[in-house]
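Enquirer: Below is the structure I would like to discuss, written out as C-alpha cells.
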Amino acid sequence: MVSPNFYLSFRAQRGISQFCKVWDVSLDMAKTKIMIQQLRIAIQKSGRLYDDSISLLKECGIDLRNVKDRLKTESDNFPLEVFFLRDDDIPQYVEDGVADIGIVGQNVLYEKRKEAEIIEELGFGKCRLALAINRNEEYVANYLQGKRIATSYPALLQKYLDENKITAEIHEISGSVEIAPGIGLAEVICDLVSSGSTLFMNGLKEVETILESQAVLVRNKSLDKEHLELVNKLLFRIRSVKKAKRNKYILLNAPNDQLSKIFELLPGMKSPTVLPLAEEGWSSVHSVLSEDEFWEKIEQLKAAGAQGILVVPIEKMIV
Ligand code: ATP
Ligand code: MG
C-alpha cells in the first residue's frame, strides 16, 4: 500500500510548484525551484527490478545521490528525481502524475490496469505468467475446467479464463503461490516463472503461458511539453545504451585480396573502416556486429581469411 502521507506530500509539492508557475512568484528560492523542471521517475525500492533499474540510469550517465534505504533521491547531473516504491504501486503513481515516468514489469502494469503509456521495453526482468500443475498429473483437454487456481494475478488470470471460456475458481494470495497445491489450497497455480526452478523444486510443471513479460518504461499520459522533452532526452540515452549492449565492436586483420569477401560479411554502421597494416598486402578492418549474428559471422570471417580478431564491448551507440 502507498503510505497516505507520502502520497499527499508529493501531491502538495506538485500543487505548490504549479501555483508558483501560474503567478510567477518572484522569490529567488521559489524561482530557482520553478525554473529547474525535474522529471520524476518511480522505480522499485528493492527486489528483482531494483539493480537493473539503477544500473540503467547509471549507464545513461545519470549519477544518483545516496540510493541506499531512501524514499527518494535526486541526480546531480540530470534533472531527475527518483522515488523508490513497491512495484505494485508504480502504475498508480504514474497514472496520477505523482511520478512522470516509472519502471515496472508488464505483468504488474497489466494486472493493475492503470492508465500509463509504455514508451520502451527495457529488456530486463524477463519472465512469464504461467499456469502450473502437479508434475505427476496429466494435462488433458479441459483440465482447468472447475479447478481451483491460486494466484497473485487475479485480473490477468480471469481475462485468460474468459478468453478461453473456462470456468474455474480463483484463489487470490499475495505470495508463495507455489506451495498452494502442496497444502491443498488449489490444484493449479498461476505465477511468474523465469528459469522454472521454483516450480521444479515444488513438484510442479508449467502447462500454459498467460503472458510474456519484461520491465518497461511507462509514462503519465498527459505530461507537459517540458517534461516530455526530458523524457525524450532520457529515452535517447536508454536507446543508445540498449543498442550498444546488442552490438560489439570488432577489429580484425585480413589480406587485401580477401577484403571484398570480408566487407560482404560486415555491414557495420555505415561501412567498415579499413586501415593499412605496416605489413605490405594486409589491412586492419573495424566494424560493428550485432550480438544475434555474432558467432555465425565470426566463423565466416575466419573462413574468409580474417586473423587476429578482437571483440570489444561498446559503451554507447549513437546512430
Ligand atoms: P515489491 O516488494 O516491490 O512488491 P515483489 O516481491 O512484488 O516486490 P519481485 O519479486 O521483486 O516483486 O519482482 C519484481 C518483478 O520482477 C516482477 O513483477 C516481474 O516483473 C519481474 N520478475 C522477473 N523474473 C521473475 C520471477 N522469476 N519471479 C517473480 N518476478 C520476476
Ligand atoms: Mg510487488
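Enquirer: Could you run the Karplus curve 6.51 cos²θ - 1.76 cosθ + 1.60 with θ = phi - 60° over region 241-256 and give me ³J(HN,Hα) per residue in whole Hz, x for Gly and Pro?
Expert: In residue order, the calculated couplings are 5, 4, 4, 4, 5, 7, 10, 10, 8, 10, 10, 8, 10, 8, x, 4 Hz.
Enquirer: Relative contact order for the chain: what is it in percent, counting Cα pairs under 8 Å that are at least 6 residues apart?
Expert: 16 percent.
Enquirer: Pull up all non-local amide H partners of residue 120: gap of 5 or more, or a different chain, and H-to-H distance under 5 Å with H placed in the peptide plane.
Expert: Under 5 Å from the amide H of residue 120: 217.
Enquirer: Do any GluC sites (Glu not before Pro) in region 29-129 lie in a DSSP loop with no more than 16 other beta carbon atoms within 10 Å, and if so, which?
Expert: For GluC sites (Glu not before Pro) across region 29-129 that sit outside H, G, I, E and B with at most 16 neighbouring Cβ atoms in 10 Å, the list reads 115.
Enquirer: Using θ = phi - 60° and the Karplus curve 6.51 cos²θ - 1.76 cosθ + 1.60, what whole-Hz ³J(HN,Hα) does each residue of region 195-211 get, with Gly and Pro shown as x?
Expert: With the stated coefficients, region 195-211 comes to 7, x, 5, 5, 4, 4, 5, 9, x, 10, 9, 7, 10, 9, 9, 9, 7 Hz.
Enquirer: Quick query: amide H of residue 40 versus all other amide H atoms, modeled in the peptide plane; which residues come in under 5 Å with a sequence gap of 5 or more or a different chain?
Expert: Amide H neighbours of residue 40, under 5 Å, 5+ apart: 81, 100, 101.
Enquirer: Applying a 10 Å radius around every beta-carbon, put 274-285, 171-182, 149-160 in order of their mean neighbour count, most first.
Expert: 149-160, 171-182, 274-285
Enquirer: Through the Karplus equation 6.51 cos²θ - 1.76 cosθ + 1.60, θ set to phi - 60°, convert the phi angles of region 289-304 into ³J(HN,Hα) values in whole Hz; use x for Gly and Pro.
Expert: Using θ = phi - 60°, the values come out as 10, 7, 4, 4, 9, 4, 5, 4, 5, 4, 4, 5, 5, 4, 4, 7 Hz.
Enquirer: Still on this structure: Long-range amide H contacts for residue 247: which residues qualify at under 5 Å (H placed 1.01 Å from N, peptide plane, sequence gap of 5 or more or a different chain)?
Expert: Residues meeting the criterion, in which the H sits 1.01 Å from N, are 291.
No lab work stands behind these numbers, since they all come straight from the coordinates. Worth saying up front: this structure is predicted, and the values here are computed from it rather than measured. Counting neighbours? That spans all protein chains shown, and the Cβs are built from the backbone with ideal geometry, glycine included.
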